[in-house]
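Below you'll find the structure, written out as structure tokens, and then a few comments.
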């Protein structure tokens, strides 16, 4: 659960110091508090990022392993192809 702290009193005080009326400052503070509360669930937390990094590391390791396997397979196929070609050339002479 994402929790976001927002000091509404300090915010309203700063608005009043900047020239807002008390009603304007209170309305602005309430509106911002509502927006922050409603959108807090969309924020990524440190644990979310760590979980994502762990999953990406696993995917990277799997991909790297598969790439190495493909390199070995390609090398093996190339070696077999060259050997067969050499055999065919040698037998035709």
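What follows draws every value from the coordinates through simple rules; no lab data is involved. Worth saying up front: this structure is predicted, and the values here are computed from it rather than measured. Glycine also receives a Cβ, built like all others from the backbone with ideal geometry; neighbour counts cover every protein chain displayed.
As a test of the formula, what do you get for the chain when each DSSP H run with n ≥ 4 contributes -39,500 (n - 2.57) and the sum is divided by the residue count, at 222 nm and rounded to the nearest 500 deg cm²/dmol? Roughly -28500 deg cm²/dmol at 222 nm, from the helical runs in the chain. Under a Gaussian network description of the chain, with springs only between Cα atoms under 10 Å, the residue in 82, 49, 59 that fluctuates furthest is 82. Pair-distance distribution P(r) for the chain, from all Cα-Cα distances in 5 Å bins starting at 0: 2, 11, 10, 8, 7, 7, 7, 5, 6, 5, 5, 4, 4, 4, 4, 3, 3, 2, 2, 1, 0 percent. With the simple spin-label model, which puts each label point 7 Å out from Cα in the Cβ direction, the residue 18 to residue 31 separation comes to 1.2 nm. Tell me, what is the percent relative contact order of the stretch 1-43, built from C-alpha pairs under 8 Å that lie six or more residues apart? Once divided by the residue count of the stretch 1-43, the mean separation gives 55 percent. Helix 46-92 axis versus longest C-alpha principal axis of the chain: approximately 20°, rounded to the nearest ten.
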